[in-house]
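The values are calculated or read from the model by the stated rules, or taken from the named source; none is laboratory data. All of these numbers come straight from a predicted model, not from anything done at the bench. Cβ sites come from the backbone with ideal geometry, for glycine too, and all protein chains shown count toward neighbours. The area values use the complete protein model at the heavy-atom level, side chains included, leaving out ligands, DNA and RNA. Shrake-Rupley method; radii C 1.70, N 1.55, O 1.52, S 1.80 Å.
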Amino acid sequence: MDKKRQMNFNLNNFLLSLSNAFDEVESRYCNTSKNHSKRVAYLSLKFALEFNYKQDALFDICAYSLMHSIGLYQAKEDKEKFCNFSNEYVNKLPFDFKEQKDVLKYQYESFDGSGPFNLKEYDIPLFSQFIYFANHIDAKFDLSKNSVENRVKILAYIKEKENQLFSSDLVECFEEFAQTQSFWLDLQNENELLTFIFSTLQDKTIVLDFEELLEITSIFTLFTNENLNIIENASRVAQFYNFEHKDKQTFMIASSLCNIGKLYIDENILNKQESLEDNEYEEIKAYPYYTKKVLSNIIGFSDICSYAYKVQEQIDANGYPFSLEAKDLSLKDRSLALVNIYTALTSNKPYRKAYTNEEAFDILEQIAKENRVDETIVNDFKEIFK
């Protein structure tokens, strides 16, 4: 196959980058702190090493840990629903995940059977037990705190909850980890967490077709769009402009991730039916900044990131959040920004019904007259979406 139609894809790097966005969602609902998923992965890996798991299993537990909150955006406070969503989404990802089944479905099961699915003791998958322990302790005590008093409270708590929330095996393992000062210091330092994760796992770089990569990124589109229309619309635009295969796929992948930064924004603001306060509008305007923050850390995503973070920029330099000028915006940049606007206009929102095609183009023509978007591309869109 033509190598230009493939790219190297590092699974560890991709999941670590995306976990930052899901951490933001979890922090709003569970009051967790920065790098929460990395701490869950760190502690779960420590458990897995103690249980003598091999490389494929180590990658699995790390991947599950980093994606443990993937269903939270959809399910909010309903734990059973959240666990089912998380399990469903992670099973769509093309990773191995062969060691144990339904790990994220049972990630909130207590050892005594008092969890949402009432699984008990060793009926609970061991990986689920690892994640439950790590997630519960970090959410309750914040393992990033540099406090000896906090450490004492944690050790007393896990002993109190032995054979209730946690098995004796996990309590014993944690007590062994806790004897080393470096264990606690690692948990406070993002660089040390990353060093441990990458040094523990083998490199999982694989070669993917761009179509395969788009299947992966499409999963994450659903967290910030009600449907996958934005990808289909981007495909039609790329076809109209006769983009080369690689450019077309890159453009579509960028469309699938261009709103990922909205995970950083409170849904109550994003879906507010009343007029936004000035501070709320400023918060929403920051979302492309966070899109860039997530995607710029993914190896091989430079072009994808470049298109995706410019979706709210305008040719009159009054876009946000970077206020780029027309000379800084290529045809693809301008086209993806219009795809994003057109898709939003023709989609139902919590605060309004979808505009008809005619109404949407009336709005696009108006903002083109105001020199905010490229009028030539708006005219092209009329042909594309007629």
Of every Cα-Cα pair in the range 46-94, the percent that sits beyond 17 Å
42 percent
Once R0 is set to 22 Å, what does the formula 1/(1 + (r/R0)^6) return for the Cβ-Cβ distance between V207 and F51, expressed as a FRET efficiency to the nearest 0.05?
0.10
Please identify the GluC sites (Glu not before Pro) of the range 267-361 that satisfy two criteria: DSSP loop assignment and at most 11 other Cβ atoms within 10 Å. Which are they?
E274, E277
Leaving out ligands and nucleic acids, note down the accessible area per residue over the chain with a 1.4 angstrom probe, in whole Å².
45 Å²
Would you please report the Å³ per residue occupied by the convex hull of the alpha carbon atoms in the range 230-309?
99 Å³
Extension gain (nm, one decimal) between K76 and A326, 0.36 nm per residue minus Cα-Cα
86.0 nm
With T = 4 °C, eta = 1.567 mPa s and Kirkwood Rh from C-alpha pairs, the Stokes-Einstein D of the range 1-152 in µm²/s is about 81 µm²/s
Can you give the angle from 0 to 90° between the axis of helix 190-200 and the longest principal axis of the chain, with both taken from C-alpha atoms, to the nearest 10?
80 degrees
The range 253-264 - phi-based ³J(HN,Hα) in whole Hz, Karplus 6.51/-1.76/1.60, Gly and Pro as x:
4, 4, 5, 5, 10, 5, 10, 4, x, 5, 4, 7
On the protein heavy atoms, probe 1.4 angstrom, tell me the percent of accessible surface of the chain carried by carbon and sulfur.
43 percent
Would you please calculate the Kirkwood hydrodynamic radius of the range 323-362 over all C-alpha pairs and express it in Å, rounded to one decimal?
11.4 Å
Which whole-number percent is the relative contact order of the range 212-297 (Cα, under 8 Å, 6+ apart)?
32 percent
Using only Cα atoms, tell me the angle between helix 229-240 and the longest principal axis of the chain; keep it within 0 to 90° and round to the nearest 10.
40 degrees
Taking the range 286-386, which chymotrypsin sites (Phe, Trp or Tyr not before Pro) meet the DSSP loop condition and have no more than 13 other C-beta atoms within 10 Å?
Y351
For the range 68-139, state which GluC sites (Glu not before Pro) are in a DSSP loop and have at most 16 other beta carbons lying within 10 Å of their beta carbon.
E77
The range 243-386 - Rg (one decimal) and Dmax (whole number), Cα, Å:
15.1, 43
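Based on the Cα gyration tensor of the chain, what are the three equivalent ellipsoid semi-axes, each the root of five times an eigenvalue, rounded to whole Å and given largest first?
42, 22, 19
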Using alpha carbons only, how many degrees (0 to 90, rounded to 10) separate the axis of helix 375-384 from the longest principal axis of the chain?
80 degrees
Among M252, Q129, C62, which residue has its Cα positioned farthest towards the positive end of the charge dipole of the chain, with +1 placed on the Cβ of Lys and Arg, -1 on the Cβ of Asp and Glu, and the dipole taken about the Cα centre?
M252
Stretch gain in nm, segment K92-I219, where the contour uses 0.36 nm per residue and the Cα spacing is subtracted
45.0 nm
Which whole-number percent gives the relative contact order of the chain, counting Cα pairs below 8 Å spaced six or more residues apart?
16 percent
Which whole-number percentage describes the relative contact order of the range 250-325, with Cα contacts under 8 Å and a sequence gap of 6 or more?
33 percent
